[in-house]
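*Asks:* Pasting in a structure now, in C-alpha coordinates, and then I'll have a few things to ask.
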Amino acid sequence: MALQLGDEVPDFTAETTEGEISFHSWLGSGWGVLFSHPKDFTPVCTTELGRLSALKPQFDQRNVKVLGLSVDPLGSHKEWANDIKETQGHALNFPLIADPDKKVANLYGMIHPNASDTLTVRSVFVIGPDKKLKLSLTYPASTGRNFDELLRVIDSLQLTAKHKVATPVDWKQGEDVIIVPSVNDDAAKALFPNGWKTLKPYLRIVPQPKS
Ligand code: BEZ
(Lines give C-alpha, C1' and ligand atoms only; values in the text may rest on other atoms or scores of the structure.)
Protein backbone atom coordinates (compact mmCIF):
# COMPACT_ATOMS: atom_id res chain seq x y z
CA MET A 1 0.00 0.00 0.00
CA ALA A 2 1.15 3.53 -0.74
CA LEU A 3 2.75 5.50 2.04
CA GLN A 4 0.18 7.46 4.01
CA LEU A 5 0.45 10.56 6.17
CA GLY A 6 1.64 9.62 9.65
CA ASP A 7 3.44 6.44 8.51
CA GLU A 8 7.07 6.03 9.48
CA VAL A 9 8.95 6.35 6.19
CA PRO A 10 11.04 3.35 5.07
CA ASP A 11 14.76 3.42 5.80
CA PHE A 12 17.29 2.54 3.10
CA THR A 13 20.93 2.80 2.17
CA ALA A 14 21.77 4.26 -1.23
CA GLU A 15 24.61 5.63 -3.35
CA THR A 16 24.37 9.38 -3.89
CA THR A 17 26.41 12.12 -5.51
CA GLU A 18 27.71 12.87 -1.99
CA GLY A 19 28.55 9.28 -1.02
CA GLU A 20 26.56 6.48 0.57
CA ILE A 21 23.62 7.59 2.69
CA SER A 22 21.68 5.64 5.32
CA PHE A 23 18.49 7.60 5.12
CA HIS A 24 17.24 7.71 8.72
CA SER A 25 20.63 8.42 10.22
CA TRP A 26 21.35 11.02 7.49
CA LEU A 27 18.09 12.79 8.43
CA GLY A 28 19.20 12.90 12.08
CA SER A 29 16.81 14.85 14.26
CA GLY A 30 15.71 17.35 11.65
CA TRP A 31 13.20 17.52 8.83
CA GLY A 32 13.72 16.08 5.37
CA VAL A 33 12.46 16.26 1.80
CA LEU A 34 12.90 13.23 -0.45
CA PHE A 35 11.89 13.85 -4.05
CA SER A 36 12.17 12.02 -7.34
CA HIS A 37 12.66 13.37 -10.84
CA PRO A 38 12.05 11.19 -13.89
CA LYS A 39 15.36 11.35 -15.70
CA ASP A 40 18.73 13.07 -15.98
CA PHE A 41 19.43 15.25 -19.02
CA THR A 42 15.79 16.24 -19.42
CA PRO A 43 14.61 19.85 -19.62
CA VAL A 44 12.05 20.19 -16.81
CA CYS A 45 14.22 18.24 -14.35
CA THR A 46 17.19 20.49 -15.18
CA THR A 47 15.18 23.60 -14.27
CA GLU A 48 13.83 21.98 -11.10
CA LEU A 49 17.23 20.99 -9.76
CA GLY A 50 18.67 24.41 -10.51
CA ARG A 51 15.82 26.13 -8.67
CA LEU A 52 16.07 23.80 -5.70
CA SER A 53 19.80 24.48 -5.49
CA ALA A 54 19.07 28.22 -5.47
CA LEU A 55 16.53 27.75 -2.67
CA LYS A 56 18.67 25.33 -0.63
CA PRO A 57 19.71 28.01 1.95
CA GLN A 58 16.00 28.48 2.72
CA PHE A 59 15.61 24.77 3.38
CA ASP A 60 18.73 24.90 5.59
CA GLN A 61 17.22 27.81 7.59
CA ARG A 62 14.21 25.60 8.34
CA ASN A 63 16.43 22.65 9.35
CA VAL A 64 15.23 20.65 6.34
CA LYS A 65 17.62 18.35 4.45
CA VAL A 66 16.96 17.80 0.75
CA LEU A 67 17.60 14.53 -1.10
CA GLY A 68 16.79 13.88 -4.76
CA LEU A 69 16.47 10.62 -6.67
CA SER A 70 16.30 9.32 -10.18
CA VAL A 71 16.76 5.88 -11.64
CA ASP A 72 19.87 6.99 -13.54
CA PRO A 73 23.34 5.91 -12.43
CA LEU A 74 25.82 7.97 -10.44
CA GLY A 75 28.07 8.80 -13.41
CA SER A 76 25.09 10.27 -15.24
CA HIS A 77 24.09 12.41 -12.23
CA LYS A 78 27.62 13.79 -11.94
CA GLU A 79 27.86 14.63 -15.63
CA TRP A 80 24.38 16.22 -15.67
CA ALA A 81 25.32 18.39 -12.66
CA ASN A 82 27.62 20.35 -15.01
CA ASP A 83 24.65 21.18 -17.24
CA ILE A 84 22.56 22.29 -14.26
CA LYS A 85 25.28 24.71 -13.19
CA GLU A 86 25.86 25.95 -16.73
CA THR A 87 22.22 26.50 -17.70
CA GLN A 88 20.56 27.37 -14.38
CA GLY A 89 23.41 29.34 -12.77
CA HIS A 90 23.33 27.24 -9.60
CA ALA A 91 25.49 24.22 -8.92
CA LEU A 92 23.83 21.16 -7.44
CA ASN A 93 24.26 21.51 -3.66
CA PHE A 94 22.35 18.55 -2.26
CA PRO A 95 22.75 14.80 -2.82
CA LEU A 96 21.04 12.90 -5.62
CA ILE A 97 20.41 9.18 -5.19
CA ALA A 98 21.45 6.93 -8.06
CA ASP A 99 18.77 4.27 -8.14
CA PRO A 100 19.28 2.27 -11.36
CA ASP A 101 17.85 -0.91 -9.81
CA LYS A 102 14.78 1.11 -8.60
CA LYS A 103 15.20 -0.14 -5.04
CA VAL A 104 14.29 3.17 -3.38
CA ALA A 105 11.84 4.16 -6.13
CA ASN A 106 9.83 0.98 -5.52
CA LEU A 107 10.11 1.27 -1.74
CA TYR A 108 8.48 4.72 -1.93
CA GLY A 109 6.02 3.98 -4.75
CA MET A 110 7.64 6.52 -7.05
CA ILE A 111 6.99 4.46 -10.18
CA HIS A 112 3.41 4.73 -11.41
CA PRO A 113 3.12 2.13 -14.18
CA ASN A 114 0.24 3.86 -15.94
CA ALA A 115 2.46 6.91 -16.34
CA SER A 116 5.72 5.03 -17.05
CA ASP A 117 7.00 1.53 -16.32
CA THR A 118 10.56 2.65 -16.14
CA LEU A 119 10.79 6.25 -14.87
CA THR A 120 9.70 7.79 -11.60
CA VAL A 121 6.98 10.41 -11.45
CA ARG A 122 7.74 13.68 -9.62
CA SER A 123 7.14 12.56 -6.03
CA VAL A 124 7.77 14.71 -2.97
CA PHE A 125 7.82 13.40 0.58
CA VAL A 126 8.21 15.75 3.55
CA ILE A 127 9.39 13.90 6.64
CA GLY A 128 9.27 15.18 10.20
CA PRO A 129 11.90 14.79 12.93
CA ASP A 130 9.95 11.71 14.12
CA LYS A 131 10.62 10.11 10.67
CA LYS A 132 6.91 10.19 9.91
CA LEU A 133 5.41 11.32 6.63
CA LYS A 134 3.95 14.83 6.95
CA LEU A 135 3.13 15.56 3.31
CA SER A 136 3.29 13.87 -0.07
CA LEU A 137 2.82 15.34 -3.53
CA THR A 138 2.79 13.67 -6.94
CA TYR A 139 3.29 15.58 -10.17
CA PRO A 140 3.49 14.15 -13.68
CA ALA A 141 6.73 14.32 -15.65
CA SER A 142 5.38 17.14 -17.80
CA THR A 143 4.82 19.59 -14.93
CA GLY A 144 7.67 21.14 -13.00
CA ARG A 145 7.07 21.68 -9.29
CA ASN A 146 6.89 24.97 -7.42
CA PHE A 147 9.48 24.79 -4.65
CA ASP A 148 8.37 28.11 -3.14
CA GLU A 149 5.08 26.34 -2.44
CA LEU A 150 7.01 23.52 -0.82
CA LEU A 151 8.70 26.02 1.52
CA ARG A 152 5.32 27.57 2.30
CA VAL A 153 3.89 24.17 3.21
CA ILE A 154 6.94 23.35 5.35
CA ASP A 155 6.39 26.63 7.25
CA SER A 156 2.82 25.53 7.93
CA LEU A 157 3.86 22.00 8.93
CA GLN A 158 6.51 23.30 11.33
CA LEU A 159 4.16 25.88 12.86
CA THR A 160 1.23 23.51 13.29
CA ALA A 161 3.50 20.85 14.81
CA LYS A 162 4.25 23.30 17.64
CA HIS A 163 0.99 25.19 18.16
CA LYS A 164 -2.68 24.25 18.20
CA VAL A 165 -3.37 26.19 15.04
CA ALA A 166 -4.07 25.49 11.38
CA THR A 167 -3.20 27.72 8.44
CA PRO A 168 -5.88 29.09 6.10
CA VAL A 169 -5.94 29.14 2.34
CA ASP A 170 -2.87 30.72 0.72
CA TRP A 171 -1.37 31.41 4.18
CA LYS A 172 2.18 32.69 4.29
CA GLN A 173 4.67 33.04 7.14
CA GLY A 174 3.64 35.91 9.45
CA GLU A 175 -0.04 35.96 8.52
CA ASP A 176 -2.96 35.22 10.83
CA VAL A 177 -3.84 31.58 11.55
CA ILE A 178 -6.84 29.60 12.78
CA ILE A 179 -7.38 28.05 16.21
CA VAL A 180 -8.00 24.32 15.65
CA PRO A 181 -11.58 23.16 16.36
CA SER A 182 -10.42 20.67 19.04
CA VAL A 183 -9.45 23.62 21.29
CA ASN A 184 -12.55 25.01 23.01
CA ASP A 185 -12.83 28.67 23.98
CA ASP A 186 -11.79 28.03 27.61
CA ALA A 187 -8.63 26.24 26.52
CA ALA A 188 -8.02 28.89 23.86
CA LYS A 189 -7.97 31.63 26.55
CA ALA A 190 -4.92 29.98 28.11
CA LEU A 191 -3.19 29.37 24.78
CA PHE A 192 -3.97 32.75 23.21
CA PRO A 193 -4.25 35.21 26.14
CA ASN A 194 -4.28 38.23 23.82
CA GLY A 195 -7.55 37.03 22.34
CA TRP A 196 -8.80 36.13 18.87
CA LYS A 197 -11.46 37.16 16.39
CA THR A 198 -14.51 34.88 16.13
CA LEU A 199 -16.07 34.94 12.65
CA LYS A 200 -18.08 31.79 13.41
CA PRO A 201 -17.80 29.57 16.49
CA TYR A 202 -15.70 27.20 14.35
CA LEU A 203 -13.68 29.95 12.63
CA ARG A 204 -11.46 31.76 15.12
CA ILE A 205 -8.62 33.88 13.79
CA VAL A 206 -5.51 34.63 15.83
CA PRO A 207 -2.13 36.22 15.03
CA GLN A 208 0.56 33.67 14.19
CA PRO A 209 2.15 32.49 17.46
CA LYS A 210 5.83 33.31 17.84
CA SER A 211 7.97 30.20 17.46
C1 BEZ B 1 11.64 16.62 -18.24
O2 BEZ B 1 12.21 16.71 -17.16
O3 BEZ B 1 11.66 17.54 -19.04
C4 BEZ B 1 10.87 15.39 -18.59
C5 BEZ B 1 11.26 14.16 -18.08
C6 BEZ B 1 10.55 13.02 -18.45
C7 BEZ B 1 9.46 13.14 -19.30
C8 BEZ B 1 9.07 14.39 -19.77
C9 BEZ B 1 9.78 15.52 -19.41
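*Asks:* Beta carbons within 10 angstrom, averaged per residue: use that to sort the peptides 36-44, 99-107, highest first.
*Replies:* Ranking the peptides 36-44, 99-107 by packing returns 36-44, 99-107.
*Asks:* GNM on the chain, C-alpha springs below 10 Å: top fluctuator among Val124, Val169, Val153?
*Replies:* Greatest mean-square fluctuation among the candidates belongs to Val169.
*Asks:* Right, something else. Which part of the stretch 161-189 falls in the paramagnetic zone of Arg152, meaning amide N under 20 Å from the point 7 Å along Cα-to-beta-carbon?
*Replies:* Under cut-off, by backbone N: 161, 165-179.
*Asks:* Based on the alpha carbons, how large is the Rg to Rh ratio for the chain when Rh follows Kirkwood?
*Replies:* The Rg/Rh ratio comes out at 1.04.
*Asks:* When DSSP assigns beta bridges and you keep just the ones with both residues in the chain, what percent turn out antiparallel, to the nearest 5?
*Replies:* Bridges in the chain are about 70 percent antiparallel.
*Asks:* Over the stretch 13-150, with every protein chain in place, what whole percent of the accessible area is carbon and sulfur at 1.4 Å, could you tell me?
*Replies:* 49 percent
*Asks:* Using the alpha-carbon atoms, what tilt in degrees (0 to 90, nearest 10) does helix 147-162 show relative to the longest principal axis of the chain?
*Replies:* Orientation of helix 147-162: about 40 degrees from the principal axis.
*Asks:* Can you give the extra length, in nm with one decimal, that the chain gains between Glu175 and Lys189 once fully stretched, where that is 0.36 nm per residue apart less the Cα-Cα distance?
*Replies:* 3.0 nm
*Asks:* May I ask for the longest run of the chain untouched by GluC sites (Glu not before Pro) that are loop-located per DSSP and have at most 15 neighbouring C-beta atoms (other than their own) within 10 Å?
*Replies:* 19-174
*Asks:* Quick one: accessible area per residue over the stretch 13-150, 1.4 Å probe, rounded to a whole number of Å²?
*Replies:* Counting only protein heavy atoms, the per-residue value for the stretch 13-150 is 44 Å².
*Asks:* Give me Rg over Rh for the stretch 163-206, both radii from the alpha carbons and Rh done the Kirkwood way, two decimal places.
*Replies:* My calculation of the ratio gives 0.93.
*Asks:* Working only with C-alpha atoms, what are the Rg and Dmax values of the stretch 10-76, expressed in angstrom?
*Replies:* Expressed in Å, the Cα Rg and Dmax of the stretch 10-76 come to 12.5, 34.
*Asks:* Is there a quick way to get the dipole size of the stretch 13-150? I mean about its Cα centre, with the Cβ of Lys and Arg at +1 and of Asp and Glu at -1; what is the value in debye to the nearest 20?
*Replies:* Taking the Cα centre of the stretch 13-150 as origin, the dipole is about 440 debye.
*Asks:* Let me ask you something else. Wrap a convex hull around the Cα atoms of the stretch 78-144, take a quarter of its surface area, and give that in square nanometres.
*Replies:* 5.9 nm²
The values are calculated or read from the model by the stated rules, or taken from the named source; none is laboratory data. Note that this is a predicted model, so its numbers are computed, not measured. Using ideal geometry, Cβ is built from the backbone for each residue, glycine included, and neighbour counts are taken over all protein chains shown. Protein only, heavy atoms only, side chains kept; ligands, DNA and RNA dropped before computing areas. Shrake-Rupley method; radii C 1.70, N 1.55, O 1.52, S 1.80 Å.
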